[in-house]
Amino acid sequence: MKKNIEERVCLKFCVVNGILCSDLTATIQKCYAKAVLSKTRIYEFYKAFKDGRESVEYKPCSGKPSTSSTENNTNQVKEIILHNRLSSLRDIAREVHISHESVRSTFVDILGMKRVNARIVPKELNGD
């Protein structure tokens, strides 16, 4: 999202100077071939800048915060896997009462572990 800031600054400059959106879309796509905003995003930002928006940053989205990556759940997952390294992600998820993907992300992102030959080991020890 940071890479599109330059494009949004150019878009805001063009809106302030009165360039039409139809001309602007082709120009931005020509100038920024690699990291181009989609046509829809260009129209959305064009309208927002025309209506008085000042910031070129994305507004933070309101979403449901993650409730499964708590310290308590992380500790439970770690204890289970240290007790039995052959436990499956599905069994751990059932025992801790969180989703399968939350268990996987806890292993990979928080604990730094990876499954190798049906065993979960720290990434540093697996030789990849």
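The values are calculated or read from the model by the stated rules, or taken from the named source; none is laboratory data. What you are looking at is a predicted structure, and each value in this text was computed from that prediction instead of being measured. With ideal geometry, Cβ positions are generated from the backbone for all residues, glycine too; neighbour counts draw on all protein chains shown.
Name the single residue, out of those in region 112-128 being among the basic types (Lys, Arg) and surrounded by 14 or more Cβ atoms within 10 Å (Cβ to Cβ), that is modelled with the highest pLDDT. Once the filter is applied, the top-ranked residue is Lys114. Inside region 26-63, residues that are within 21 Å of the chain's Cα centre (by Cα), at pLDDT below 80, among the hydroxyl-bearing types (Ser, Thr, Tyr) and more than 16 Å from Ile5 (Cβ to Cβ) make up a count of 1. When restricted to residues that are loosely packed, with under 13 Cβ neighbours inside 10 Å and in contact with a strand residue (DSSP E or B) (Cβ under 8 Å, 6 or more places away or on another chain), region 68-111 contains 1. Between Asp23, Asp91, the distinction of being at pLDDT below 80 and part of a helix (DSSP H, G or I) belongs to Asp23 only. Scanning region 94-117 for residues that are part of a helix (DSSP H, G or I), within 24 Å of the chain's Cα centre (by Cα) and farther than 15 Å from Thr67 by Cβ yields His100, Arg104, Phe107, Val108, Asp109.
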